[in-house]
1. Which pairs break 30 Å Cα to Cα here: 148/199; 80/149; 86/237; 80/148; 148/240?
2. What Rg and what Dmax come out for region 109-201 when only alpha-carbon atoms are used, in angstroms?
3. Calculate how large, on average over all directions, the projected area of the Cα convex hull of region 66-139 is; give the answer in nm² to one decimal.
4. Taking K and R as +1 and D and E as -1, what net charge do the other residues with C-beta under 12 Å from the C-beta of residue 199 add up to?
5. Quick check: residue separation of residue 49 and residue 25 times 0.36 nm, minus the Cα distance between them. What number comes out in nm?
6. Using a simple spin-label model with points 7 Å from Cα along the Cα→Cβ vector, what separation in nm is obtained for residue 2 and residue 197?
7. Taking the Cα centroid of region 183-225 and of region 15-46, what is the distance between the two, rounded to the nearest whole Å?
8. In 10 Å bins starting at 0, how do the alpha-carbon pair distances of region 12-71 split up by percent?
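The values are calculated or read from the model by the stated rules, or taken from the named source; none is laboratory data. No experiment lies behind these values; they were computed from the predicted model shown. We place every Cβ from the backbone using ideal geometry, glycine too, and count neighbours over all the protein chains shown. For the accessible areas, the whole protein counts, side chains as well, though only heavy atoms, and no ligand, DNA or RNA atoms are used. Shrake-Rupley method; radii C 1.70, N 1.55, O 1.52, S 1.80 Å.
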Amino acid sequence: MNRQQLGQQAAQAVASQIRTLHRSQDFIHIIFASAPSQNEFLNALTQEIDIDWSRIRAFHMDEYIGLPVDAPQRFGQYLKERLFDKVPINEVYYLDGNAADPQQECLRYGALLEQYPTDIVCMGIGENCHIAFNDPHVADFNDPDLVKKVQLDLTSRQQQVHDACFPTLEQVPEYALTLTIPALVRAHYLFCMVPASHKAEAINHTLTDTISETYPATILRSHANATLFIDQDSAAKYLKETALVK
């Protein structure tokens, strides 16, 4: 399938899960990713009918440290423009990358995640197989924290240029706040949307390599309710490799 179809199918799957959960619980808590890979999915999700957004509380999974409040690259701003301003959502909890004390902000956000246990995570995978900003050098499947400050690796920062989020590498922040891997995978349902050819290597690693922090996204294979959506471009290397094996 192509990128547009990926977004539509993912939105249908997430919307269906939301409707199912709403039959048995009053509120649903969802974590959303912020990246161009989510554009088609988020657009399609806003058009899904019969979602009771008034019973949904939302979080986002990472945020740059030090960007101006009005910077378009801020992940909270991305989600506000593409989702939260378009639906009558109950509550959005933003991660503050400009907090005076980043550690205290991590604790504040972690406490909210404890107060509102996550039902659904809508996510992507980075070129280095990161999930959220858990790059390989900081990824920890047994991280004791729910939110932490991290230094981004070069591949992760370069991806932001590839995605046209920043004009040059020098403009990409070096530090961010991120939800940790345990904070993501403890959700009941994971939906992972990964289109585009520059993600083909990451998808192949995710699906074929040993589950380890070397390729953080491999942890998704250990989750009972994780669904991966890939298009013809991101699937290309995996399909080629599996065809050679056969």
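1. 86/237; 148/240
2. Computed over the Cα atoms of region 109-201, radius of gyration and Dmax are 13.8, 39 Å.
3. If you wrap the Cα atoms of region 66-139 in a convex hull and average its projections, you get 6.3 nm².
4. Once positives and negatives cancel, what remains is -3.
5. Numbers: separation 24, 0.36 × 24 = 8.64 nm, distance 1.89 nm.
6.8 nm is the gain from fully extending residue 49 to residue 25.
6. 1.5
7. Their Cα centres are 18 Å away from one another.
8. 18, 47, 25, 10, 0
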